[in-house]
């Protein structure tokens, strides 16, 4: 019986043994692997988002302003939206934070990439870096549009464990 | 001569409404409520779509109103007419809902890049998705699923499932963005969100097919086909969304076409089967296995298992994608392919293994039933036909021979006959396994149909 996809030789045992049980057990095994994958994911989440990490410290973000990269100075009023041709920076009041902790400040773009950073270090060490600008990605003329998140984070064992302050601004497409 | 004392069977259609229809109505009601909430939230928070809703909404509202009217009247008819009216009402209401959702999708997802770019994105995604559906449907070598159901599954994935997840994902993302530490923890949260919400939305389509179209949902193979079709539909709409969105983001830098083209390749070529099709195929596999299990407890475990694997596969891709960074050089092109192969390949291999096993299992049992039917001597399947009917290649060869001898009409007539004979064998298989929820004499009807198709007047 050449070219036949259904094998006669294997047909007879199938009547005696219900192969649905094999399929059932197989999908149960796959589900067990799936549960393990999800547990690993949960462990990863808890590792990077550890519970009970509220230190009580709060950073103060003074505002988000237009930024001139040639002078390194900010201007204008605190804004929540920018055109993509505009450059902007957050201003942080590091003095609002207690000593003895390690902190940094970062800008994340809409893709989750870090596009500006100051730190890590003790708040006193960062006092000279109040302005944290968004850096235009290499090879691009302007910032990419979308939602940008600015966070001041507390660092522990090299990992950010707590957000001490947060601002979200929108970069318009036009 | 046909033996009328043959034990009754459920196929093709039960006269009484089985209890699973009640579950189907409940699931559909939940979906409709979720869709209304989704539309409301889309309107308020995502996009007001000014003026357009009243324009395109009229037709959708009219279709739903007419469908509802026929639905209400259907219940005052006799049983024979009621069925016709219920079908008409379902079609009209379904069309209305699909039109409404499709247009919302088009405006919400594509207006950023403009209708021209959106139309091009749709056009380039259609052939690849069509190819995917063709391949997925052909995977069922013994008894192919009807195109109408495969397309309904894909349409659900593209339109209903994407609409169902918009509000849930928006709320989850907004909450996570304002409460979690950016980085891998946030990525894991987003991946859990996508895995759970998107697989539940896609899986509800497969569950509804399982509950309502039981006659065309036979086993694990059918489940994989329907699940993959839903996944391909979802992937179609998601591809268009990403292509138009990234075009709009990168076009001011002069690389919008490149960004959209990369998305097309990643999602419609590389990820066509290594993605949503694989994930949702697991849901279908679980439901398909449940279809043939005897106890409710086992059915529940099988369906839950399918959902768990689908969610895990989806989660692993979204959460750990960042652990496989791609270099921006020529080697990066190799890395993109390797990444997909390493991360999704094992899941795709697992579903292919289930499919191969299912096809073999189905084939063996169909052969067994074909032999038994031929041995009964009722005339629907002759002993000489068993060998041909048991092999897809032999069936094709026989149809091609008919095409040469009698033209396309002979080809189609033989195709209908072969299909009816396989339906009969499938029916016998389900009856023998006691996978029938309502006793009926449909097996006799199927046998009569085969004999009618065999008569010269049917050719």
Next item on the list: Consider only pairs whose beta carbons are under 9 Å apart and that are at least six residues apart or on different chains; among these, list those whose first residue lies in the stretch B:289-306 and is at the interface with chain A (Cβ under 7 Å from one of its Cβ atoms) and whose second residue is surrounded by 23 or more Cβ atoms within 10 Å (Cβ to Cβ) and not in a helix (DSSP H, G or I).
Entry: B:289/B:219; B:292/B:218; B:292/B:219
Next item on the list: Quick one: in the stretch A:36-65, of everything that is part of a helix (DSSP H, G or I) and surrounded by 14 or more Cβ atoms within 10 Å (Cβ to Cβ), which residue is farthest from the other protein chains (Cβ to nearest Cβ)?
Entry: A:40
Next item on the list: Take residue B:424 and decide whether it is within 24 Å of residue A:18 (Cβ to Cβ), buried (at least 16 other Cβ atoms within 10 Å of the Cβ), away from every other protein chain (no Cβ under 14 Å) and free of Cβ contacts under 8 Å to residues at least 60 places away in the same chain.
Entry: yes
Next item on the list: Go through the residues of the stretch B:270-279 one by one and say whether even a single one is assigned by TED's automatic domain parsing to the domain that holds residue B:134, more than 17 Å from the chain's Cα centre (by Cα) and without any contact (Cβ under 8 Å) to a residue 60 or more places away in the chain.
Entry: no
Check: Quick check, is residue B:260 surrounded by 24 or more Cβ atoms within 10 Å (Cβ to Cβ), more than 20 Å from residue B:206 (Cα to Cα) and more than 10 Å from chain A (Cβ to nearest Cβ)?
Finding: yes
Checklist line | Identity of the residue in the stretch A:111-153, in contact (Cβ under 8 Å) with a residue 40 or more places away in the chain and within 15 Å of the chain's Cα centre (by Cα), that ends up farthest from residue A:73 (Cα to Cα) | finding: A:153
Item checked: Any hit, the stretch B:164-176, residues being closer than 22 Å to residue B:309 by Cα, modelled with pLDDT of 85 or more, crowded, with 24+ Cβ neighbours inside 10 Å and touching a helix residue (DSSP H, G or I) at 6+ places or on another chain (Cβ under 6 Å) -> no
Next item on the list: Hand me the list of strands (runs of 3 or more DSSP E) wholly inside the stretch A:66-174 holding 2 or more residues that are crowded, with 17+ Cβ neighbours inside 10 Å and touching a strand residue (DSSP E or B) at 6+ places or on another chain (Cβ under 7 Å).
Entry: A:88-93, A:102-108, A:114-121, A:131-133, A:146-156, A:159-172
Note to self: Take the conditions free of Cβ contacts under 8 Å to residues at least 60 places away in the same chain, more than 22 Å from residue B:352 (Cβ to Cβ), away from chain A (no Cβ under 11 Å) and over 10 Å from the mean Cα position of the chain (by Cα) and apply them to residue B:186. Does it pass?
What the structure shows: no
Notebook entry, point to check: From the list B:294, B:252, which one is crowded, with 17+ Cβ neighbours inside 10 Å, out of contact with any helix residue (DSSP H, G or I) (no Cβ under 7 Å at 6 or more places or on another chain) and either on the phi < 0 side of the Ramachandran plot or part of a helix (DSSP H, G or I) (or both)?
Noted result: B:252
Margin query: Among the numbered criteria (1) over 15 Å from residue A:156 (Cα atoms); (2) out of contact with any strand residue (DSSP E or B) (no Cβ under 6 Å at 6 or more places or on another chain), which one does residue A:52 miss?
Written below: (1)
Margin query: I need every pair where a residue in the stretch B:137-154 that is away from chain A (no Cβ under 12 Å) has its Cβ under 8 Å from the Cβ of a residue that is surrounded by fewer than 14 Cβ atoms within 10 Å (Cβ to Cβ), sequence separation at least 6 or different chains.
Written below: B:137/B:147; B:144/B:138
Next item on the list: Scan the stretch B:319-331 and give yes if some residue there is modelled with pLDDT of 90 or more and surrounded by fewer than 19 Cβ atoms within 10 Å (Cβ to Cβ), otherwise no.
Entry: no
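Condition check ((1) in contact with a helix residue (DSSP H, G or I) (Cβ under 8 Å, 6 or more places away or on another chain); (2) modelled with pLDDT of 90 or more) across all residues:
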residue	(1), (2)
B:380	yes, no
B:386	yes, yes
B:392	no, no
B:395	yes, yes
B:401	no, yes
B:414	yes, yes
B:427	yes, no
Margin query: Considering only the stretch B:401-414, I want to know if a residue exists there that is more than 16 Å from residue B:452 (Cβ to Cβ) and within 14 Å of chain A (Cβ to nearest Cβ).
Written below: no
Next item on the list: Please list, ordered by first then second residue, the pairs with beta carbon atoms under 8 Å, 6 or more apart or interchain, first in the stretch B:316-327 and within 16 Å of residue A:47 (Cα to Cα), second modelled with pLDDT of 80 or more and exposed (fewer than 12 other Cβ atoms within 10 Å of the Cβ).
Entry: none
Next item on the list: Go through the stretch B:170-183 and give me each residue that's within 14 Å of chain A (Cβ to nearest Cβ) and in a helix (DSSP H, G or I).
Entry: B:170, B:172, B:173, B:174, B:175, B:176, B:177, B:178, B:179
Check: Checking residue B:370 against (1) under 24 Å from residue B:455 (Cβ atoms); (2) surrounded by fewer than 17 Cβ atoms within 10 Å (Cβ to Cβ); (3) touching a helix residue (DSSP H, G or I) at 6+ places or on another chain (Cβ under 8 Å), which test does it fail?
Finding: (2)
Next item on the list: With respect to residue A:23, determine if the residue is more than 25 Å from residue B:178 (Cα to Cα), modelled with pLDDT of 90 or more and either touching a helix residue (DSSP H, G or I) at 6+ places or on another chain (Cβ under 6 Å) or within 9 Å of chain B (Cβ to nearest Cβ) (or both).
Entry: yes
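The values are calculated or read from the model by the stated rules, or taken from the named source; none is laboratory data. Bear in mind that the values here come from a model prediction, so they are computed numbers and not experimental data. Glycine gets a Cβ as well: all are built from the backbone with ideal geometry, and neighbour counts include every protein chain shown.
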